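Asks: Here it is: the structure, laid out below.
The values are calculated or read from the model by the stated rules, or taken from the named source; none is laboratory data. This one's a predicted model, so the numbers in the text were calculated from it and none came from an experiment. Virtual Cβ from ideal backbone geometry, glycine too; neighbours counted across all protein chains shown. Heads up: the accessible areas ignore ligands, DNA and RNA and are worked out on the full protein's heavy atoms, side chains in. Shrake-Rupley method; radii C 1.70, N 1.55, O 1.52, S 1.80 Å.
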Amino acid sequence: MWTKNKTILLLAVVGILLFTAVQGIALPQWDRNKQVYAAEQQSPLTHDLQSIMKYQSQYMGNSSNLSNLMHTLPLNEIRCTMELHPDSLTADILYHAETAGLNTERLERSLIYNATAAFALVDNLEQIRFKFDDRTYTAERSQLEEWYGKKLSSLTDSPKIWEPDVQEPLASHDYVQKGIASLFTVIDE
């Protein structure tokens, strides 16, 4: 009987220690990792290509697919809606914010990244317009294909292509400035 009580007591102590380790160490670390990953998804420099690959599609007419893609890319913290124009193969991303209230370099870096991702993943999308309350940025597939010198869908073949061709150059201020000037038609509203 004494051995049985010792065994029960020992198991209870081990259970309490394990519960404490999980609650006090493992779960907080998991939450921190999750928060770090979410923060990394807000920057084109650290965004995870694999997180958006499930939105690859041949047709831009799948509005929920395109909407989910946009809500997974940088700038997703800004409330937005979409309008699709299947006759012209154009998507309008309507951001409910003014560009004046945003960090310009982060905004421009994200626009280049988001346009590249949209064209690379949605095969028949030909034009995308990022419309803010005070400004519209319009990009065309042909301009981005000329910029990268290849078919955009080939960029998503591997992170080993995506990172050096798309993400790493965005760290350069000059590259971002040239990209905005070359890739987008900008209209102030």
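Asks: Please check: in the Gaussian network model of the chain (C-alpha springs, under 10 Å), which one of 108, 98, 40 has the largest mean-square fluctuation.
Replies: 98
Asks: Let me ask something else about it. Note down the net charge around residue 60, summing +1 for each Lys or Arg and -1 for each Asp or Glu among other residues with Cβ under 9 Å from its Cβ.
Replies: Working: positive: none; negative: 123, 126.
Spelling it out: positives minus negatives among the neighbours equals -2.
Asks: Count neighbours as other Cβ atoms within 10 Å of each site's Cβ, and list the trypsin sites (Lys or Arg not before Pro) in region 69-139 that are DSSP loop with at most 11 such neighbours.
Replies: 79
Asks: Something else: Within region 49-188, what whole-number % of the accessible surface is contributed by carbon and sulfur, with the 1.4 Å probe and all protein chains included in the calculation? Walk me through the numbers before you get to the answer.
Replies: Details: 2900 of 6420 Å².
The computed percentage sits at 45.
Asks: So which residue, out of 139, 12, 118, gets the largest mean-square fluctuation from a GNM of the chain using Cα contacts under 10 Å as springs?
Replies: The residue with the greatest mean-square fluctuation here is 12.
Asks: Further, regarding this structure: Compute, for the chain, the length of the dipole vector about the Cα centre, with Cβ point charges of +1 (Lys, Arg) and -1 (Asp, Glu) only. Units Debye, rounded to 20.
Replies: On the way: 16 positive and 24 negative charges, 263 e Å.
In total the dipole reaches around 1260 debye.
Asks: Right, next: Between 133, 87, 48, which gets the highest mean-square fluctuation from a Gaussian network model of the chain, Cα cutoff 10 Å?
Replies: 87
Asks: Still on this structure, please answer the following. Provide the net charge surrounding residue 175, with neighbours chosen by a C-beta distance below 10 Å and charges set as Lys +1, Arg +1, Asp -1, Glu -1.
Replies: Working: positive: 109, 178; negative: 168, 174.
That sum, taken over residues with Cβ under 10 Å, equals 0.
Asks: Still on this structure, I have one more. Once you list every other residue whose beta carbon is under 14 Å from the beta carbon of residue 124, what net charge do they have if Lys and Arg are +1 and Asp and Glu are -1? Spell out each step's value before the answer.
Replies: Numbers: positive: 141, 151; negative: 87, 123, 126, 140, 145.
Value of the local net charge: -3.
Asks: Take each uninterrupted DSSP H stretch in the chain, measure its Cα extent along the helix axis, and return the ones at 18 Å or beyond whose mean Kyte-Doolittle hydropathy is at least -0.5. Intermediate values should be presented prior to the final figure.
Replies: Working: long enough: 2-21 (28 Å, 1.41); 27-40 (20 Å, -1.29); 104-121 (25 Å, 0.16).
Membrane-span-like by this rule: 2-21, 104-121.
Asks: Quick one: 3J(HN,Hα) in Hz for region 91-98, Karplus 6.51/-1.76/1.60 with θ = phi - 60°, rounded, Gly and Pro as x.
Replies: Per-residue couplings from phi come out as 10, 9, 9, 9, 8, 8, 6, 9 Hz.
Asks: If you rank 85, 47 by how much accessible surface each has, with a 1.4 Å probe, what is the order from largest down? Write out the running numbers ahead of the final one.
Replies: On the way: 85 60, 47 5 Å².
Ranking 85, 47 by accessible area, largest first, yields 85, 47.
Asks: While we're looking at this one, here's another question. With semi-axes √(5λ) of the Cα gyration tensor in Å as the read-out, I listed [x] 45, 18, 17; [y] 32, 19, 13; [z] 26, 21, 16; which label goes with the value calculated from this structure?
Replies: Matching the structure shown: [x].
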